[in-house]
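Just so it is clear, none of the values below were taken in a lab; they were calculated from the coordinates. Owing to the predicted nature of the structure, the values given are computational and were not obtained by experimental measurement.
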Amino acid sequence: ARLLNRAAEQGRTDDNEEVIRHRLKVYEEETAPLIAIYRERGIVKEVNGLGEIADVTERILKALS
């Protein structure tokens, strides 16, 4: 629903429900499994992305240092 609303607000006529569902399926099958692989290698850093942009940016930079 969020992606459909964004598509409507931004005039993204190519983002319909079918396209969005396909994009999410591809992510689930091809990208998401990489997280476990990278976590096993110790190269995943999790950062809380909620809050003010400056605060999130600070957390990201701290995790990367």
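Taking 0.36 nm per residue of sequence separation and subtracting the Cα-Cα distance, how much length would be gained by fully extending the chain between residue 23 and residue 38, in nm to one decimal?
Full extension of this stretch gives 3.2 nm more.
Over the C-alpha atoms of the chain, what are the Rg and the largest Cα-to-Cα span, Dmax, in Å?
Here Rg and the maximum Cα pair distance are 16.0, 41 Å.
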